[in-house]
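The values are calculated or read from the model by the stated rules, or taken from the named source; none is laboratory data. Since this is a predicted model, take the numbers as computed values, not measurements. For neighbour counting, all protein chains shown are included, and Cβ atoms are generated from backbone atoms with ideal geometry for every residue, glycine included.
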Amino acid sequence: MRVLTGLSTLAKERDMAITRKIVLATMKLVLATAVTAGGIGCIVQNAYIRPLDPKNPPVEVKSPVKAHLVDGSTVLYPNGVRLENNVLVTPGIRYQLGSSTSVGSGRIPIDSVVGMEAFDTEVNTAGTVIMSLSVGALATVAAAGLAVAIFGSCPTFYADSAGTQVLQAEGFSYSIAPLFEKRDVDRLHLTPTADGRVILYVRNEALETHYINHLELIEVAHEPGETALPDQQRQPIIVSGISAPARVRDRVGRDLAEIVRAPDGVLFSSYPETVRSVSTADLDDYIDITMAAPTGADSVAVLLDMRNSLLNTVLLYDHMLGAPGIRSIDWVNRDLDHIGNAIEMGQWYNSRMGMRISVLDGGKYRQVARISDSGPIAFRDNAIVVPAIRSAGDSVRIRLSFIADNWRIDAIRTATVLRRPGPARIVSVTRVKMTDPAQNGPALAALRDADESYLITSPGQSFSVEFDVGQAAPGTRTYMLASQGYYTEWVRGTWIKNASGKAFTPSDASLVEAIRDWRGKQPDMENQFYSTRISTR
C-alpha cells in the first residue's frame, strides 16, 4: 500500500488533517463487515478469568476502537480497549448486524474478531456520508470466504466492457492514515457510452475502511495517433514517436528487450540473486535504458506500464501492522497523526520506495525524477519526462533504480516527441448511484469537491459514478481519473493473536527484513493473490 505521500504535499495535507473531524461510525449505524470462510460464527463469552500469561502481558490501546466480529456485529470501545491473554476484556457497546440498537458487550476472544480499527468519536455532521449497510455487500465478501479480502487493495475502479467490468485503476494505494491523504491520477482505457457518459464502478474489495474525498475526470484532447499519459508530476503530457529502446538491461546484465517490448502480460521481476543479496548497504536493483538522442529536442519520455509487486504488502501487513499487533492501532491513529512522526516516516519511505529516474550526465547518473508506488492490482501507465542529455554514441542513457523486486514491469518504451496539451477539461461527477437511493444526493455532494466531506465505504460495498463527457471523434480524447482520499486497514484478529510485539522502526534494516520475508512467501502469496481476487487485464 502506498504508505506515504511526498513531502511536497505533506504540509498542505497536514493543514487539511488538523481540521478534519470525520466520524468513522455513529451509534445509529453499523457498517458492513466480513465473515470467515466457515460461515457465520458465534461470539464466545467466558466469565472464567485465566492467569495472565507472562510472555504476553496486557496491552492497553488508547485510541477509540471498533472491533468487527465474525458474526457480522460491531463492538465500539470509545475509550480504548485492553487485551489480556488474547481476550478483549474492556466492556464495549455492541451492535448486531443490521440493528441500530446497542447492547452491552462482555469479554470477546480475539478468535472472534475479523479486524479492528480506530475511529473518531467526534461527529462531522456536514457532508460525510457513511454508505448504508447492504446485505448484498456482506454476502459478496462472505461468499469469497475472505479469499478476495485477504490483501489491501484500496478503492478499485472498473468500467463496463461488453457486459464485463474491466479493472481500470486503484486509488491512493498507500495512504494509510489521514495525514497521508493524497491525489492519484490514472489513465483510463475506456470508451464513453453512445450518449456521452463515462461510467465507473467503485469497489471496496479489502478489509479496509475507505474515505473517498474527491473524484473527477481529466479530459485531454489530442490528435489521432498521439498518446496522452500522466507524467511524474501527475500532469497530462501528449507523446508520439513511440518506439522500443535500443537497449534495455538490468543490473546483472540481462537483456530485457523481449520481456518489456509491449504490454502483453510477460513481466519483468528482479533477478533472484539480486533479491537474495540485499543488505543495508545495497538494497537496489536497476534497469539501464539506451535510446537514440533525438534531433532538436531537449527532452524525451520513458513510457512505463507497470504495477508494484507484493513486497509493499508484506512490509505493511507483516512488519508495520502485524508484528506490533493491537499496538499498531495506536501507531496509525495517534503516532502517525503527529506531523513530526509523519515527516520522519515520509522521508524514510520516499527515499527508499517508489522508483528513481536518472540520466547519464558527464559520466555519472544524475537523478532527475521520482515516481511513487502505485499498488499491486492495476497496471499504471506513466510518461517520465527527462532531459535528452547526449552520451557516447549520440544516445540518451536512462537508469530506473528501485528496491529489489518492488516492481512488475510489463512494457518500457520511449517517446521523442512531447507536448503539453492546452488547458485540460475537468469533468465533475454528474451522478452517483448508491445501494440506498436516498444516499445518491449526499454522496454526490461529498465527492464533487476536495474538502472535509467524505464518502465512507466498508468491505464488500460498491457504488457507481457517472460523468457526462459528451461526444467526440474516436481517438481524440483520453480520460484520466483523479481520486483523492485515504483508508484505514483493519488490524486482523490473526495478526493480534500471533503478534511478536515488535514495534516497527523506519530503517533500512527493517526493509531488508521485509525483503527476506517476501522472498520466502513470494510463490504462495502471488498465486493466492492473483488467482483468488480479480483479473488485472
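Numerical summary
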{"quantity": "Candidate set from the range 471-489 (those that are surrounded by 20 or more Cβ atoms within 10 Å (Cβ to Cβ) and of a type in the set (Gly, Ala, Ser)); member that is nearest to Leu190 (Cα to Cα)", "calculated": "Ser483"}
{"quantity": "Qualifying positions in the range 390-399 - of a type in the set (A, V, I, L, M, F, W, C) and at pLDDT 95 or above", "calculated": "Val396, Ile398"}
{"quantity": "Positions within the range 378-402 being in a strand (DSSP E or B) and over 30 Å from Phe529 (Cβ atoms), in sequence order", "calculated": "Val385, Val386, Pro387, Ser391, Ser395, Val396, Arg397, Ile398"}
